[in-house]
Amino acid sequence: VAALTPDQSLAGLHALVTAGPTVEPLDPVRFISNHSSGKQGYAIAEALAALGARVTLVTGPVSIPALDGVACVKVQTAEEMLAACEATLPADIAVCTAAVSDWRASVPAGSKIKKTGDGPPTLSLVENPDILATLCRHASRPKLVVGFAAETDDVLENALAKRQRKGCDWLVANDVRRGVFGADRNLVSLIDGNGIEEWPEMDKSAVAGKLAERISKTFESSTA
Ligand code: CTP
Ligand code: CA
């Protein structure tokens, strides 16, 4: 009978997941964005919901169908994503997988930027808010905050520093040189306060399942 009872170890907990890219307009027809497919974030939202968590997924534009049993908030820009995340608090768990555009146009042009014959325009950019760091320092900080890091060089060294800088509990690092963008498989390392755990290459859904399980174990032991 036990085997037929689904594991609902995250029942009663609220999890916030960010996913996908953000899209930052330059003018009414052009934007800054990135290659994020949203696959890893959607898989994590699904895995947390499967363990009984109430999940709010805040997502940039992706081509993945809506998930059953997951509340989905669709956004375009980093500023919208931050506002949507803050509006879903309080949450017990936050997992930030979104590839937030680091910069946006300081003032998006109201009309299409035209070629003038004098060469390309100079784009003036400003830095976007850091959603993960904001959640980590929030008055209603989720008890467990997990960040992701896409790196091309010195993956573990950068990831260790990034975990400290952001103030998150766990950081999942992946080497984007290995072609994670849009792929179905992922090779990651999980960094927590105890060190680095290298996971074997697996499907993004398996990474999600393993992460959800680890989250559930952490909450079990902290409430025991
Ligand atoms: N992140 C975020 N808001 C931002 C930038 C990043 O929430 N404005 C989150 C991502 O969702 C991810 C983590 O921070 O969980 C790391 O993102 P990454 O782009 O690797 O870190 P940055 O601090 O932006 O550093 P850089 O891009 O320069 O490596
Ligand atoms: Ca970044």
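Tabulated results
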{"item": "Selection within the range 130-160 - in a loop (DSSP other than H, G, I, E, B), within 16 Å of ligand 2 (Cβ to nearest atom) and closer than 27 Å to Ser222 by Cβ", "result": "Asp130"}
{"item": "Top-ranked residue in the range 106-140 [being touching a Ser or Thr at 6+ places or on another chain (Cβ under 7 Å) and crowded, with 16+ Cβ neighbours inside 10 Å; ranked as nearest to Ile32 (Cα to Cα)]", "result": "Asn128"}
{"item": "Scan of the range 1-21 for residues that are out of contact with any Pro (no Cβ under 9 Å at 6 or more places or on another chain) and at pLDDT 95 or above, ordered by number", "result": "Gln8, Ser9, Leu10, Ala11, Gly12, Leu13, Val17, Thr18, Ala19"}
{"item": "Selection count, the range 47-79, where residues are of a type outside the set (A, V, I, L, M), touching a residue at least 40 places away in the same chain (Cβ under 8 Å) and farther than 20 Å from Ala11 by Cα", "result": "6"}
{"item": "Near pairs, Cβ below 9 angstrom, 6+ apart or cross-chain, from the range 84-105 (under 24 Å from Glu151 (Cβ atoms) and buried (at least 17 other Cβ atoms within 10 Å of the Cβ)) to any residue that is at pLDDT 95 or above and of a type in the set (Asp, Glu)", "result": "Val100/Asp130; Ser101/Glu24; Arg104/Glu24; Arg104/Glu79; Arg104/Glu127"}
{"item": "Check on Gly41, crowded, with 18+ Cβ neighbours inside 10 Å and either within 17 Å of Arg104 (Cβ to Cβ) or modelled with pLDDT under 95 (or both)", "result": "no"}
{"item": "Strands (runs of 3 or more DSSP E) contained in the range 54-129 and holding at least 1 residues within 16 Å of ligand 1 (Cβ to nearest atom) and among the β-branched types (Val, Ile, Thr)", "result": "54-59, 71-74, 93-96, 125-127"}
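The values are calculated or read from the model by the stated rules, or taken from the named source; none is laboratory data. This one's a predicted model, so the numbers in the text were calculated from it and none came from an experiment. So basically every Cβ, Gly included, is an ideal-geometry build from the backbone, and we count neighbours across all protein chains shown.
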